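Reading through the structure tokens given below for one structure.
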Amino acid sequence: MPPKQWKQTRHAARIERINEALARRDLDTLRALATSGVGLVNNGLRRLAWPVLLGFAEKQFTRTEKPAMVHRDAHQVQLDVNRSQNYCSSVTRRSVWREKRRQLSEVALHTLQEDASLHYYQGFHDVCAVLIHVLGDAAAKEAAVMLAHCHLRDAMSATLDPVMRQLDLLYSLVGVRDRALADFLIASDTPPYFALSWVLAWFSHDVPDPARAARLFDLFLCSNPIMPLYVAACVVLAQRDALLAGECEFTKVHHRLIKLQSELITDELLQSAVKLYQECPVLKLQSVAGQELDPTSAPLRFVADLQSEHVLQTSTKDRRIGISSLQQRLLISAAAAGVVLLSAAAARFYPVVIQQLYG
């Protein structure tokens with residue numbers, strides 16, 4: 001049997017389950033499939049599943065020309081797009097290459113123009129490139145807006161301080177599985193910032209294979225926003241023997257870790273990251289590290305929102321209290337994906353939720 005045909009046969013049962021879950025809009029099953037094994041298998045299924053998971057599957061896309069607006073970050077976006085190699089460099093025809101980069105610039109700027117509070121960061125264009133590769137530019141715009149307000153919200157704040165605080169938890173997370181390796185990394189005086197691009201770009205900047213990048217996105221779309229940190233921990237753990245065999249010194253350790261070996265990103269490693277989160281979810285991780293994230297950070301709001309059924313039921317009420325249409329759309333769409341934003345109504349009792357969770 002040819003390899004391609006064998007692969008399709010091997011995944012036939014999973015493909016059938018994905019299609020059934022899509023037909024029933026069974027989000028629990030869809031999330032379970034996206035975060036296990038080979039994920040959502042191929043881009044044809046992802047093109048159907050990601051909009052469902054992000055809550056905009058029923059949206060009809062029409063191409064409308066908006067008045068040109070110059071965003072404060074437009075110059076930096078264009079610089080990064082022009083330098084971008086991911087999923088553009090494989091295109092041989094120059095005209096197609098230009099079109100891909102135009103789409104990439106449009107998706108990134110569309111997201112920023114939807115909400116003036118969002119700030120561009122280097123790596124967001126890499127995320128947009130994967131969304132375009134899988135969904136096409138029209139649906140990618142919607143997906144990028146959703147992610148910017150949910151999973152990537154900390155990175156799109158005025159500073160990267162919230163993300164840096166999450167990175168400071170990395171060695172504590174490594175220590176959950178391997179205390180000796182964590183102690184070695186700390187003793188080497190190597191800060192965990194080698195993993196910054198992994199977390200900011202969901203590994204897409206460092207993983208040249210678009211299929212592998214899309215598999216990572218299957219996991220991240222359905223997980224707590226801190227899940228990229230758990231994958232980063234497993235990438236470090238996968239290099240244990242090589243690290244401990246080397247010199248415990250900053251330049252040596254940093255040199256090994258800064259260059260991600262993309263072949264380490266296997267389905268087995270992603271499953272290990274899921275298990276690590278189950279063993280040590282973000283609330284427990286804070287206790288292990290003796291360090292707390294900001295209560296309004298995306299990982300903690302994710303937990304608080306999911307544990308409050310009251311928050312899940314505020315979308316109808318919010319229509320009556322007059323929040324903006326964008327806020328309504330984000331709240332309802334995020335609820336469908338299992339990620340609820342704090343709405344105007346929910347914000348009133350949010351401190352109570354936090355007190356119940358951490359008090």
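The values are calculated or read from the model by the stated rules, or taken from the named source; none is laboratory data. Not measured: the values here are computed from a predicted model. Every residue, glycine as well, gets a Cβ built from its backbone with ideal geometry; the counts of neighbours run over all protein chains shown.
Descriptive notes on the structure:
- Note on the range 23-72: among residues that are surrounded by 12 or more Cβ atoms within 10 Å (Cβ to Cβ) and at pLDDT below 80, the one that is farthest from residue 106 (Cα to Cα) is 59.
- Residues (of a type outside the set (Val, Ile, Thr) and within 13 Å of residue 216 (Cα to Cα)) located in the range 273-287: 273
- Any hit, the range 197-204, residues being modelled with pLDDT under 95, of a type in the set (A, V, I, L, M) and assigned to a loop (DSSP other than H, G, I, E, B): no
- Here is the figure for the range 228-257: residues that are of a type in the set (A, V, I, L, M) and farther than 29 Å from residue 42 by Cα total 6.
- Search result, residues across the range 231-251 that are over 11 Å from residue 195 (Cβ atoms) and surrounded by 14 or more Cβ atoms within 10 Å (Cβ to Cβ): 234, 237, 238, 239, 240, 243, 246, 248
- When residue 156 is tested against (1) under 19 Å from the mean Cα position of the chain (by Cα); (2) in a helix (DSSP H, G or I), just one condition goes unmet, and that condition is (2).
- Residue list for the range 291-305, restricted to those being of a type outside the set (Phe, Trp, Tyr), part of a helix (DSSP H, G or I) and over 14 Å from residue 228 (Cα atoms): 300, 301, 303, 304, 305
- Taking the criterion of being farther than 24 Å from residue 272 by Cβ and under 15 Å from the mean Cα position of the chain (by Cα), the residues of the range 34-59 that qualify are 51, 54.
- For residue 164, the requirement of being under 18 Å from the mean Cα position of the chain (by Cα), aliphatic (A, V, I, L, M) and outside any helix (DSSP H, G or I) is not met.
- Cβ-Cβ distances below 6 Å connect the following pairs, each with a first residue in the range 218-230 that is under 21 Å from residue 140 (Cβ atoms), a second residue that is among the charged types (D, E, K, R) and surrounded by fewer than 24 Cβ atoms within 10 Å (Cβ to Cβ), and a separation of six or more residues or different chains: 222/31.
- Single unsatisfied condition, residue 183 versus (1) at negative phi; (2) part of a loop (DSSP other than H, G, I, E, B): (2)
- Scanning the range 258-290 for residues that are part of a loop (DSSP other than H, G, I, E, B), modelled with pLDDT under 95 and of a type in the set (S, T, N, Q) yields one hit, 261.
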